[in-house]
Amino acid sequence: MKVNEIFYSLQGEGHRTGSPSVFVRLSGCNLKCDFCDTHHETSDEMTEDEIVAETLNYPAEYIVITGGEPTLQLTSSLLEKLRKAGKKIQIETNGSIDLPDSMLRLIDHITCSPKSAPVRLRRIDELKVVFKAESLPLPDAEATRLTGFENLAEKHGALRSLQPCDTGDAHRNKAITTATIAYILQNPTWVLSLQTHKILNVR
């Protein structure tokens, strides 16, 4: 498998924020998002057994398989090996690729962060949406987009996280965060997700 990195840290985003986790970042993605802040292109070839052995160097129960887009490479055999090692598994995906039931039953928590492609994944435990507006009221297109995500979360019975987009510009980021908070206060089915690893300056 093409592995970008494996590291131990705190989950920085979403409903599991603050939880010690081993991150397995697989290389490559099927989308090209202009706001992507992850350098996932480089990789080393690792066998599934090598990946599992590396995760066992750390004491955390949860393994977070992320990317890029991890479903491009994810296999039932890797999931089975991690479960056999006593681990719980979270995946972070854009949801554009569906997974078979044989894989879904091995995953404890699926975080879907939709981007430009339609969501095809049949199970979502948490919907984590990037919020990009810098002020309210929202433009019609953005309001429609968020309403669609509300409906998607309702369909799956999923937790809902709204995360301010990191543009790399401190002034714009402040405006986006303020607008995100205002939107959540008006739409309290969402909770705020901050990239706390960036705030704390940890991986």
key: Residue ID - surrounded by the fewest Cβ atoms within 10 Å (Cβ to Cβ), chosen from residues in segment 51-64 that are aliphatic (A, V, I, L, M) and under 21 Å from L10 (Cβ atoms)   = L56
query = When you go through K198, K132, K128, K87 one by one, which is the residue that is within 19 Å of G18 (Cβ to Cβ) and touching a Phe, Trp or Tyr at 6+ places or on another chain (Cβ under 8 Å)?
reply = K87
Residue within segment 42-55 that is modelled with pLDDT of 95 or more, within 12 Å of the chain's Cα centre (by Cα) and part of a strand (DSSP E or B) present = no
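Which of the helices (runs of 4 or more DSSP H) contained wholly in segment 85-192 include at least 3 residues that are at pLDDT below 95?
Numbers: elements: 101-104, 140-156, 170-186.
In segment 85-192, 140-156 are the helices (runs of 4 or more DSSP H) which contain 3 or more residues that are at pLDDT below 95.
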task = For segment 62-83, state whether one or more residues are in contact with a Leu (Cβ under 8 Å, 6 or more places away or on another chain), within 24 Å of L200 (Cα to Cα), part of a loop (DSSP other than H, G, I, E, B) and not small (G, A, S).
result = no
request  = Read through the list (1) surrounded by fewer than 16 Cβ atoms within 10 Å (Cβ to Cβ); (2) under 10 Å from the mean Cα position of the chain (by Cα); (3) not charged (D, E, K, R), then give the number of the only condition that I110 fails.
outcome  = (1)
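Considering G67, G12, G28, which residue is surrounded by 13 or more Cβ atoms within 10 Å (Cβ to Cβ), within 22 Å of S102 (Cβ to Cβ) and modelled with pLDDT under 95? Lay out the reasoning, then the answer.
Numbers: G12 fails: within 22 Å of S102 (Cβ to Cβ); G28 fails: within 22 Å of S102 (Cβ to Cβ).
Only one candidate passes the filter, namely G67.
Residues are listed down the side, and each one gets a yes or a no for (1) buried (at least 16 other Cβ atoms within 10 Å of the Cβ); (2) among the polar types (S, T, N, Q); (3) in contact (Cβ under 8 Å) with a residue 12 or more places away in the chain:
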residue	(1), (2), (3)
S116	no, yes, yes
H156	yes, no, yes
C165	yes, no, yes
R172	no, no, yes
A182	no, no, yes
N201	no, yes, no
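In this structure, does A133 turn out to be under 30 Å from A170 (Cα atoms) and of a type in the set (G, A, S)?
On the way: under 30 Å from A170 (Cα atoms): yes; of a type in the set (G, A, S): yes.
Yes: the conditions hold for A133.
The values are calculated or read from the model by the stated rules, or taken from the named source; none is laboratory data. Bear in mind the structure is a predicted one, so any value in this text is a computation, not a measurement. Don't worry about glycine lacking a Cβ; one is built from the backbone with ideal geometry, like all the others, and counts go over all protein chains shown.
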